[in-house]
1. For the stretch B:198-251, report the translational diffusion coefficient in µm²/s to the nearest whole number, using Stokes-Einstein at 37 °C, 0.692 mPa s, and a Kirkwood Rh over Cα pairs.
2. Note the full-extension length gain between residue B:543 and residue B:591 as 0.36 nm times their separation in residues minus their Cα-Cα distance, in nm to one decimal.
3. Tell me, Kirkwood radius of the stretch B:405-468 from alpha-carbon pair distances, in Å?
4. Would you compute, for the Cα atoms of chain A, the largest minus smallest coordinate along each principal axis and list the three values in descending order, in whole Å?
5. Return B:521, B:247 ranked ascending by Cβ neighbour count within 10 Å, so the fewest neighbours appear first.
6. For chain B, what Kirkwood radius comes out of the mean inverse Cα-Cα distance, in Å?
7. May I ask you to derive the FRET efficiency for residue B:255 and residue B:293 from their Cβ-Cβ distance with R0 = 56 Å, giving the value to the nearest 0.05?
8. Need one number: nm distance between label points at residue B:190 and residue A:9, each 7 Å from Cα along Cα→Cβ, rounded to one decimal.
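What follows draws every value from the coordinates through simple rules; no lab data is involved. It should be emphasised that the depicted structure is a prediction, and the values quoted were computed from it without experimental measurement. We place every Cβ from the backbone using ideal geometry, glycine too, and count neighbours over all the protein chains shown.
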């Protein structure tokens with residue numbers, strides 16, 4: 001594999017997550033979300049290798065964050081060397097609207113399973129406390145962050161927002177080639193395709209916990225190949 | 001929150017031993033929850049030299065190498081294998097070190113879980129109990145490097161990816177590539193397929209010395225269709241091939257694609273001396289006395305292989321190769337003595353040597369297939385003299401004359417190809433149980449010297465005939481049921497009970513031979529070209545002749561009984577006795593007894609199965 005490096009975010013372009021968290025901690029309504037912001041955030045100077053990471057994946061009824069809903073969520077804690085199954089967590093949530101047949105075939109979660117699951121509002125508190133003081137790792141930041149933001153708006157009336165390491169974005173950078181060097185198709189950035197570039201095993205996709213595990217492993221491989229474990233976390237988070 | 005089940009992890013574990021055997025243990029899910037996962041890049045230590053270890057590692061993907069205290073390569077481990085348990089059993093002290101040779105994903109199981117399962121689950125502990133002895137002996141081997149070429153796979157000798165050029169390349173550009181990569185050989189490909197090889201020597205003798213233009217296509221001077229070896233083959237086989245064919249480079253292929261080249265230099269670097277040289281010594285001998293003195297070293301080679309924990313397959317392979325080397329050298333000497341053959345012939349090995357499953361003590365079983373150009377009046381004397389001489393000399397080299405006189409020196413087993421074909425047609429088309437019992441040995445037939453196409457044609461004929469005549473398989477199946485495993489009521493061992501052997505039973509007669517017989521029937525049924533029992537089992541499995549998992553059972557039973565047999569033979573040798581196949585159950589550990597019972601049980605069940613599978617029309 002070629003040694004290309006993930007660009008570090010320059011000082012000037014970094015978002016001041018600490019200041020934003022402080023502000024939101026003031027503004028957010030009393031309750032779990034306020035406590036989440038009040039707990040604060042990992043210091044931006046924390047080295048990547050010392051940062052507690054948390055891979056997150058969710059399955060939804062569709063791709064539109066404003067109309068579709070989260071039906072399952074998986075989390076797995078890790079750092080740049082070790083993934084800890086012990087802290088793995090998984091929830092299912094009953095959506096308000098019923099599932100369409102198409103999404104059932106994708107994630108294989110059935111109506112009966114979901115019928116017994118609680119509503120998302122009943123578990124979001126628990127999820128929030130799991131996210132506290134971790135840097136979240138996802139494959140494709142747009143989806144996960146947007147869905148959680150929408151859910152939070154609906155449940156708490158205030159947005160949930162947090163910095164992430166995005167394995168898809170990282171892969172986009174390391175596989176990027178300017179058009180004059182490109183030959184044929186761009187390499188796929190799908191989770192499974194990314195994993196194959198690092199000779200990671202094939203997993204059955206579309207189970208929130210498996211996918212979380214998949215992106216955790218992928219990030220470990222990406223760090224090993226393309227990132228500097230001694231850089232501060234703020235140079236990579238988005 | 002839902003009950004967290006890491007199905008991917010559990011499923012991956014449960015595809016491999018010992019977890020597949022204990023997949024129904026409810027504790028596994030709890031164990032999986034405590035697994036830690038690590039991605040380790042190529043070349044990193046997982047267990048560094050003399051570092052303590054508190055983890056059982058499972059290789060989810062990738063590959064590692066195991067090094068001894070002296071940093072010698074012991075073996076290579078791949079996906080699905082476990083390591084670290086030896087040090088866990090020894091209280092965390094690790095005598096070996098492990099390093100990735102490919103990017104690897106490892107599941108780390110905490111020691112606590114290993115110990116718990118080890119103490120609570122017999123199947124689990126048996127797996128490691130056996131493996132522990134294995135490790136112990138491997139550890140001993142690392143101090144005693146004599147046999148490592150025999151037990152290490154050829155892939156471990158590879159030091160770089162293959163360097164290749166397209167067949168249309170010019171001599172000049174090929175030479176440039178070789179210079180740039182500093183290699184002494186170059187693989188030549190056409191549409192990504194290996195079609196030839198060019199070496200330094202070819203450039204020298206076939207290009208420069210001949211004054212060829214630099215623009216000549218490299219394909220003009222390459223060696224077409226070079227001998228290749230499979231990545232899983234043993235390094236010792238590479239040595240053999242190099243010496244036999246007088247080549248210095250052998251491309252190694254995996255799934256049909258070249259993955260590198262092994263050169264004589266690589267091998268010399270790996271091993272400057274060792275018992276592989278026993279074989280090269282054989283080829284150097286010019287007298288019977290010389291060969292005899294080598295044959296006296298063979299028990300030593302054998303015990304070393306056992307001590308080094310070669311498995312039965314490796315030992316069978318090594319001993320058969322040594323046996324074959326004796327045969328070839330004697331035939332070379334015979335041809336020097338009596339002149340070249342007037343018509344082509346092929347010396348064939350039968351039975352265990354053909355299957356490459358020889359152990360230390362074997363009679364010779366061989367025959368001669370002569371070209372149909374053979375004319376008894378003109379050529380009869382030559383072949384009689386030749387085979388007579390060779391079989392007698394083999395006897396002097398420790399390969400006893402066959403008690404059933406199945407030897408090339410017997411005119412009955414020294415025939416032109418067409419006669420052989422007729423014989424086999426007769427045996428197969430009008431099978432007679434009694435006769436077949438004696439003849440089963442002929443269905444394991446391998447050409448070892450001379451014109452091997454003769455043996456090949458004969459084997460083809462046998463396969464065709466056998467598949468066309470199912471009645472014959474009924475007879476073979478019936479014969480395979482003749483020798484029963486020594487299990488009585490309450491799974492007690494039944495002893496053979498005669499004279500000196502009254503307290504023993506015969507492992508070969510009652511365990512190994514029945515398995516070989518069963519497998520041979522299935523192999524004939526599915527037209528397998530393989531001779532080796534394990535390879536036949538793989539073909540049988542692929543052909544779907546057996547219910548799921550049964551093929552593996554057979555292989556396992558064979559390995560278990562085979563292992564106890566060679567251990568027993570090693571002990572006999574060390575006690576100064578003649579090695580044989582009789583084992584006294586009182587000398588076995590309880591674990592060995594249990595394994596043996598299980599293995600015999602498998603044999604019985606499979607004998608029942610073939611009876612039904614190949615039931616004739618009448619019964």
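1. Translational diffusion coefficient: 260 µm²/s.
2. So the extension gain works out to 13.9 nm.
3. Computed over the stretch B:405-468, the radius equals 12.4 Å.
4. 49, 43, 35
5. Ordered from fewest to most neighbouring Cβ atoms within 10 Å, B:521, B:247 come out as B:247, B:521.
6. Here the Kirkwood hydrodynamic radius works out to 26.9 Å.
7. 0.85
8. 5.7 nm
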